[in-house]
1. Filter segment 179-203 down to the residues that are surrounded by fewer than 17 Cβ atoms within 10 Å (Cβ to Cβ) and under 28 Å from GLN220 (Cα atoms), then identify the one that is farthest from the chain's Cα centre (by Cα).
2. Looking at (1) closer than 26 Å to ALA7 by Cα; (2) of a type outside the set (Lys, Arg); (3) open to solvent by 70 Å² or more (accessible area, probe 1.4 Å), which one does VAL232 not meet, given that it meets all the others?
3. Within segment 147-156, count every residue that is open to solvent by 80 Å² or more (accessible area, probe 1.4 Å), outside any loop (DSSP other than H, G, I, E, B) and out of contact with any Lys or Arg (no Cβ under 6 Å at 6 or more places or on another chain).
4. Residue under question is ASP128, and the condition is that it be of a type outside the set (Gly, Ala, Ser), in contact with a strand residue (DSSP E or B) (Cβ under 9 Å, 6 or more places away or on another chain), open to solvent by 80 Å² or more (accessible area, probe 1.4 Å) and touching a residue at least 60 places away in the same chain (Cβ under 8 Å); does it hold?
5. Of everything in segment 50-71, what is assigned to a loop (DSSP other than H, G, I, E, B) and either crowded, with 24+ Cβ neighbours inside 10 Å or without any contact (Cβ under 8 Å) to a residue 40 or more places away in the chain (or both)? Give them in sequence order.
6. Going by the structure shown, is ARG137 in contact with an Asp or Glu (Cβ under 9 Å, 6 or more places away or on another chain), open to solvent by 20 Å² or more (accessible area, probe 1.4 Å) and more than 13 Å from LEU198 (Cβ to Cβ)?
7. Scanning for something surrounded by 18 or more Cβ atoms within 10 Å (Cβ to Cβ), in contact with a Phe, Trp or Tyr (Cβ under 7 Å, 6 or more places away or on another chain) and at pLDDT 95 or above, does segment 213-224 turn up at least one residue?
Amino acid sequence: MFTDADAAALYDLLNPWDATRYPSDALYNELVMAADAVLDVGCGTGSMLHQARELGHRGRLVGLDPDLAALDRARRRTDIEWFSGVAADAFWDREFDLATMASNAFQCLVSDRELSASLVAIRRALRDGGRFAFDTRNPQVREWEEWKPSNASEVVDGNGRTLRVSHRVESVVDGVVTFTETTSAQDGTVLRVDRASLRFLDVSKLGAFLHEAGFEIEAQYGGWQHEAVSDVSRSIVTIARRA
């Protein structure tokens, strides 16, 4: 058996939050530690907010995610508020200095309607002048072309099992990439297949959605050390302010 709880634990193994190794985590840590009240949309297993507490954050920290198994792991810390729901479910009104969507979670907003509703809800949750920080993959780099079984990852999980995680793209339509993630045992036995879609937005379209929702772009980078956005930038890192 490979349960939802197993999948959440595997995510943490494959994607550890570590600011000493990953400049992306360092940038988010800096933003979070400077804000009094933070809403992490798509918080997953809560690693970013967990670390904020460990680093001494004394303000309000709130995580929102639709994945119940991930939230179960997040709730190992009880000094953070955890809520089940998607971005559009954010019900707060002018309560946060900062909202975040780390680890490309923004790309899970696939349709125009979902994207617009989510941005409106996030903006509403921010205080006047509050900031929204998030990252997306740059569509010009076509990173999805690397998502194939030959680029699989292997990891030993908490139960001592060697697991292989591979990806296969099913379709690329109007900037939406649909793919499968297969988790297999060492002998090749398939334990789990998950299917997902991610939306890739370029700088222009991203800016249009933000402007329509009432945001102004404060800064935009092509990397985690404030590099300019270019055709070869793998990421588009955006910091927007509630107008």
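The values are calculated or read from the model by the stated rules, or taken from the named source; none is laboratory data. As the structure is a computational prediction, the values presented were derived from the model and not from experiment. For neighbour counting, all protein chains shown are included, and Cβ atoms are generated from backbone atoms with ideal geometry for every residue, glycine included. Remember, those area values only see protein heavy atoms, side chains included, never the ligands or the DNA or RNA. Shrake-Rupley method; radii C 1.70, N 1.55, O 1.52, S 1.80 Å.
1. Of everything passing the filter in segment 179-203, ASP202 is farthest from the chain's Cα centre (by Cα).
2. With respect to (1) closer than 26 Å to ALA7 by Cα; (2) of a type outside the set (Lys, Arg); (3) open to solvent by 70 Å² or more (accessible area, probe 1.4 Å), VAL232 is out only on (1).
3. In the first step, residues of segment 147-156 are kept if they are open to solvent by 80 Å² or more (accessible area, probe 1.4 Å); the result is 148, 150-151, 154, 156.
Applying the additional criterion that residues be outside any loop (DSSP other than H, G, I, E, B) yields 150-151, 154, 156.
From what's left, out of contact with any Lys or Arg (no Cβ under 6 Å at 6 or more places or on another chain): 150-151, 156.
Number of matching residues: 3.
4. Working: of a type outside the set (Gly, Ala, Ser): yes; in contact with a strand residue (DSSP E or B) (Cβ under 9 Å, 6 or more places away or on another chain): yes; open to solvent by 80 Å² or more (accessible area, probe 1.4 Å): yes; touching a residue at least 60 places away in the same chain (Cβ under 8 Å): yes.
For ASP128, the condition - of a type outside the set (Gly, Ala, Ser), in contact with a strand residue (DSSP E or B) (Cβ under 9 Å, 6 or more places away or on another chain), open to solvent by 80 Å² or more (accessible area, probe 1.4 Å) and touching a residue at least 60 places away in the same chain (Cβ under 8 Å) - is met.
5. Pass one, segment 50-71, residues assigned to a loop (DSSP other than H, G, I, E, B): 55-59, 66-67.
Within segment 50-71, LEU55, GLY56, HIS57, ARG58, GLY59, PRO66 qualify.
6. Working: in contact with an Asp or Glu (Cβ under 9 Å, 6 or more places away or on another chain): yes; open to solvent by 20 Å² or more (accessible area, probe 1.4 Å): yes; more than 13 Å from LEU198 (Cβ to Cβ): no.
No: the conditions fail for ARG137.
7. Within segment 213-224, one or more residues are surrounded by 18 or more Cβ atoms within 10 Å (Cβ to Cβ), in contact with a Phe, Trp or Tyr (Cβ under 7 Å, 6 or more places away or on another chain) and at pLDDT 95 or above.
One line per residue, one yes/no per condition, for (1) under 17 Å from ALA213 (Cα atoms); (2) part of a loop (DSSP other than H, G, I, E, B); (3) out of contact with any Phe, Trp or Tyr (no Cβ under 7 Å at 6 or more places or on another chain):
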{"site": "ARG73", "(1), (2), (3)": "no, no, yes"}
{"site": "THR78", "(1), (2), (3)": "no, yes, yes"}
{"site": "ASP93", "(1), (2), (3)": "yes, yes, yes"}
{"site": "THR100", "(1), (2), (3)": "yes, no, no"}
{"site": "GLU114", "(1), (2), (3)": "yes, no, yes"}
{"site": "LEU119", "(1), (2), (3)": "yes, no, no"}
